[in-house]
Amino acid sequence: MTIEKQIAEKPEIGHPHIRARRLRQTPNIRAMVQEFALNKSNLVWPMFITEIESEKTEIKSLPGVYRIPQNNILEEIRAAQKVGVQNIMLFPVLKKDKKDFLGKESYNENGLMQNCIRLIKETFPEIVLFVDVALDPYTTHGHDGITNEHNYVLNDETIQVLCKQSLSYAQCGIDFVCPSDMMDGRIGAIRSYLDK
């Protein structure tokens, strides 16, 4: 049977509108048209900002990652920019006397994160800043939420504080709030609170 006869006997498949094969012929063409590429502009540099230590201290469980004293934050941002990273995510490391059972320091307008956000944005307005939204750095018990007398995390009460924390960061100029807690419904609640 000839190829022409085989083709004629098969049902019509249809003609694809996009023929991507021509865009995969050589490595240079693939590199030029690929949908996703990992560049320095995609990276986010985590910075653990501390008011405890007076010098940069490596975090033993995260080799190569350091706690940065609040006074050295601008120097660290410059180092990030020097290697082409323009996105920074901030995490707080607080003194024990700033922590309480309800995590109130998380929305203190003159708190560690709030002061750092304002300083960074005033000095480097082009830097894209992310900040962790959670209560574990702010609570004496170390839970990621407000607890009752039985040490049970209270979802709705915690969300109220996460909303205040997010708003406090937004008012300081943060670009992205990043909830890392596990409270049900907190994304919608934070979004609604910020929208209002």
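Worth pointing out:
- Heavy atoms of the protein chains alone define the surface here; on that basis the chain has 65 Å² accessible area per residue at 1.4 Å probe size.
- Subtracting the Cα-Cα distance of LYS121 and GLN160 from their residue separation scaled by 0.36 nm leaves 11.4 nm.
- With a 1.4 Å probe rolled over the protein heavy atoms of all chains, the accessible area of VAL133, VAL65 falls in the order VAL65, VAL133, largest first.
- Of (1) 1, 7, 13, 15, 15, 12, 10, 9, 8, 6, 3, 1, 0; (2) 1, 7, 16, 19, 20, 16, 11, 7, 3, 0; (3) 1, 7, 13, 14, 14, 11, 9, 6, 4, 4, 4, 3, 3, 3, 2, 1, 0, 0, the label for P(r) over Cα pairs in 5 Å bins from 0, in percent derived from the coordinates: (3)
- Taking every alpha-carbon pair under 8 Å whose residues sit at least 6 apart, the chain reaches a relative contact order of 16 percent.
- With a 1.4 Å probe rolled over the protein heavy atoms of all chains, the accessible area of ILE52, ILE174 falls in the order ILE52, ILE174, largest first.
- Remark: accessible surface ordering of VAL85, VAL44 (largest first) is VAL44, VAL85, probe radius 1.4 Å.
- In this structure the amide hydrogen of MET89, modeled in the peptide plane, comes within under 5 Å of the amide hydrogens of TRP45, MET47, PHE130, none closer than 5 places in sequence on its chain.
- Listed residues THR26, THR123, THR57, most fluctuating in the chain (Gaussian network, C-alpha, under 10 Å): THR26
- Surface share of carbon and sulfur [accessible, 1.4 angstrom probe, percent] for the chain: 53
- Cβ-placed point charges (K, R +1; D, E -1), dipole of the chain about Cα centre in debye, nearest 20: 1000
- A 1.4 Å probe, protein heavy atoms only, puts the accessible area of MET182 near 150 Å².
- Here the gap between ARG78 and ILE52, fully extended at 0.36 nm per residue and compared with their Cα-Cα distance, gives a gain of 7.2 nm.
- Remark: the Cα gyration tensor places the stretch 128-187 in the prolate category, a/c being 1.5 or greater and a/b exceeding b/c.
The values are calculated or read from the model by the stated rules, or taken from the named source; none is laboratory data. Note that this is a predicted model, so its numbers are computed, not measured. For neighbour counting, all protein chains shown are included, and Cβ atoms are generated from backbone atoms with ideal geometry for every residue, glycine included. When the accessible area is computed, the model is the full protein with side chains, heavy atoms only, and any ligands, DNA or RNA have been set aside. Shrake-Rupley method; radii C 1.70, N 1.55, O 1.52, S 1.80 Å.
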